[in-house]
Amino acid sequence: MAMMETSIFIARPVENVFQFLLNPDQSAPKMDPAGSFVAKTPAGPPGPGTTFVFRQRNLGRMMETKTHYTAVEPNRKIEFDAEIGPMRPRCSLTFEATEGGTKVIFIGNSNPLGPAKLLTPLMDRMGQKNWSWRLAKVKEILEAPAPT
């Protein structure tokens, strides 16, 4: 089975990194100031059952994706399913406290539907590249010096 997997070290406490990634409704504007819209349901702290709907322009078209948390272990792990076009990824983010910061590990499967299943290896490579970029952006944001 093809998979997506990437990891990164972020020089911040595990609690800070976990909260940033747990709350995409708050972190998305920092990740993409040009224009992601994120709606969260239900209101309140995110946990199992929380759904995020992302809307953003891609190649001139408005795209919508959904992420649904299936399990949350505070400061340790976030498991989620998503709906992204013809894919239904199942993924996890694992957080490990290390000396001087946090190791974040992303693992997932793209799970394409219908004829797109033939493209599973390609979809997994694209997803892995996307998550590598995303985690690098999280690192850049969280490790940036505080404004003075």
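The values are calculated or read from the model by the stated rules, or taken from the named source; none is laboratory data. All values reported here derive from a predicted model rather than from experimental measurement. Neighbour counts are summed over all protein chains in view; Cβ atoms, including those assigned to glycine, are modelled from backbone coordinates with ideal geometry.
Summary of computed values
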read-out	value
Some residue of the range 44-55 being without any contact (Cβ under 8 Å) to a residue 12 or more places away in the chain and of a type in the set (Lys, Arg)	no
Scan of the range 62-116 for residues that are touching a residue at least 60 places away in the same chain (Cβ under 8 Å), closer than 21 Å to Lys137 by Cβ and in contact with a Cys (Cβ under 8 Å, 6 or more places away or on another chain), ordered by number	Phe106, Ile107, Gly108
Candidate set from the range 40-87 (those that are of a type in the set (A, V, I, L, M), in contact with an Asp or Glu (Cβ under 8 Å, 6 or more places away or on another chain) and at pLDDT 95 or above); member that is surrounded by the fewest Cβ atoms within 10 Å (Cβ to Cβ)	Ala71
Test: Gly101 is of a type in the set (Gly, Ala, Ser), out of contact with any Gly (no Cβ under 8 Å at 6 or more places or on another chain) and surrounded by fewer than 19 Cβ atoms within 10 Å (Cβ to Cβ)	no
Tally, over the range 1-29, of residues that are farther than 17 Å from Ser132 by Cβ, touching a Pro at 6+ places or on another chain (Cβ under 9 Å) and aliphatic (A, V, I, L, M)	1
